[in-house]
Amino acid sequence: MSLKDRITQDVKDAMRAKDKPRLATLRLITAAIKQREVDERIELDDTQVTLVLDKMVKQRRESIVQFEMAGRDDLIAIETSELEIITPYLPEQLGEDEINALIDAALEETGATSIKDMGKVMGLLKPELQGKADMSAVSALIRAKLG
C-alpha cells in the first residue's frame with residue numbers, strides 16, 4: 001500500500017471514529033498532496049509525498065518556535081498535535097551518529113574542503129536524508145565540519 005493510499009485510508013478511519021482533530025490534520029495532508037499534483041500535473045509517488053510531509057513538519061516546527069516567542073500556548077498545542085499526526089508517515093529518523101557517518105562519507109566522496117563546497121555535499125546527501133533528518137540540522141553539521 002502506497003503512502004498516499006495509507007493516508008486516504010486513515011482519513012476514512014478518522015471519519016468513522018469521528019476523530020475531528022486527526023481528520024482535520026489528515027485533510028490538510030491530502031490537500032497539500034493534491035495541490036502539488038494539480039500544480040505539477042503529475043501523480044505523486046511515495047518519495048514525493050514524503051517531501052510534502054517533510055515540508056509540513058518543517059512548517060509546524062518553525063511555527064512552534066514563533067508561537068513560543070509570542071507566548072501563544074494555545075497555538076503551540078494545535079501545531080504540536082498536528083506534528084504528532086504527520087510525523088508517523090515519515091520514514092524513521094536517523095540518529096546523529098548515522099548522519100555524521102553519511103556526512104563524512106559525502107565529504108570524502110566530493111573532496112570538499114571549504115564552505116564553498118557545501119553545495120556539492122548537500123546535493124549528494126539530500127536525496128539520501130530527505131525525510132529521515134532535519135536538513136537544516138544536517139546543513140549546520142556540514143558547515144561545522146567544513147568551517
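The values are calculated or read from the model by the stated rules, or taken from the named source; none is laboratory data. Keep in mind that this is a model prediction, so the values were computed, not measured. When we count neighbours, we look across all protein chains shown, and the Cβ atoms used for this are built from the backbone with ideal geometry, even at glycine.
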Open item on the list: Name the single residue that is surrounded by the fewest Cβ atoms within 10 Å (Cβ to Cβ) among those in region 15-31 being within 21 Å of Arg60 (Cα to Cα) and of a type in the set (A, V, I, L, M).
Closed with: Ala31
TODO: Return the total of residues in region 57-103 being exposed (fewer than 13 other Cβ atoms within 10 Å of the Cβ) and in contact with a Pro (Cβ under 9 Å, 6 or more places away or on another chain).
DONE: 0
Open item on the list: Yes or no: region 128-145 includes at least one residue that is in contact with a Ser or Thr (Cβ under 6 Å, 6 or more places away or on another chain), crowded, with 16+ Cβ neighbours inside 10 Å and either over 30 Å from Asp19 (Cα atoms) or outside the structural domain of Val11 (by TED's automatic domain parsing) (or both).
Closed with: yes
Task: Inter-residue pairs, beta-carbon under 6 Å, first in contact (Cβ under 8 Å) with a residue 60 or more places away in the chain and in region 82-109, second among the hydroxyl-bearing types (Ser, Thr, Tyr), 6+ apart - done: Ile85/Thr25
Task: Elements of type helices (runs of 4 or more DSSP H) contained in region 48-147, each with 2 or more residues being touching a helix residue (DSSP H, G or I) at 6+ places or on another chain (Cβ under 6 Å) and modelled with pLDDT of 95 or more - done: 73-86
Open item on the list: Checking Gly123 against (1) without any contact (Cβ under 8 Å) to a residue 24 or more places away in the chain; (2) over 24 Å from Leu51 (Cβ atoms), only one condition comes out false. Which one?
Closed with: (2)
